[in-house]
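The next block holds one structure in the form of structure tokens; read it before the comments.
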Amino acid sequence: MGNLNVGDADITITMDNGQTSFGHSQLIIDNYSGSPVEAAIYNLQGQLIATRRVTGTEYIPLPAGIYVVKAGTITAKVIAN
């Protein structure tokens with residue numbers, strides 16, 4: 001699967017499925033709003049996997065799977081290969 005990029009003028013969520021040095025796909029959350037936003041990552045069973053307070057750019061390695069990511073006003077389903 002290729003990369004996914006969703007968002008608006010303030011926040012973007014990108015799923016980078018390229019090969020990384022740690023062997024996982026990488027979720028990238030960019031916050032351009034100037035104010036911190038809370039980001040949460042859930043698996044498909046609804047379990048909270050990770051949270052981050054994002055003020056700039058946050059890189060989060062994810063093992064293969066399907067996730068729901070909420071960051072500020074943006075919600076996206078992402079697939080990590």
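Some observations on this one:
- Selection count, region 39-58, where residues are assigned to a strand (DSSP E or B), more than 14 Å from ALA76 (Cα to Cα) and of a type outside the set (A, V, I, L, M, F, W, C): 5
- Test: residue in region 8-27 that is open to solvent by 50 Å² or more (accessible area, probe 1.4 Å), of a type in the set (S, T, N, Q) and modelled with pLDDT of 90 or more: no
- Selection within region 50-81: residues that are surrounded by 16 or more Cβ atoms within 10 Å (Cβ to Cβ) and over 17 Å from ASP16 (Cβ atoms). The member of this set that is farthest from the chain's Cα centre (by Cα) is GLY72.
- Which numbered condition PRO36 fails, given (1) in contact with an Asp or Glu (Cβ under 9 Å, 6 or more places away or on another chain); (2) closer than 14 Å to ASP10 by Cβ: (1)
The values are calculated or read from the model by the stated rules, or taken from the named source; none is laboratory data. Everything numeric in this text was worked out from a predicted model, so none of it was measured. Note that we place each Cβ from the backbone using ideal geometry, even for glycine, and neighbour counts take in every protein chain shown. Heavy atoms of the whole protein, side chains included, go into the accessibility calculation; ligands, DNA and RNA do not. Shrake-Rupley method; radii C 1.70, N 1.55, O 1.52, S 1.80 Å.
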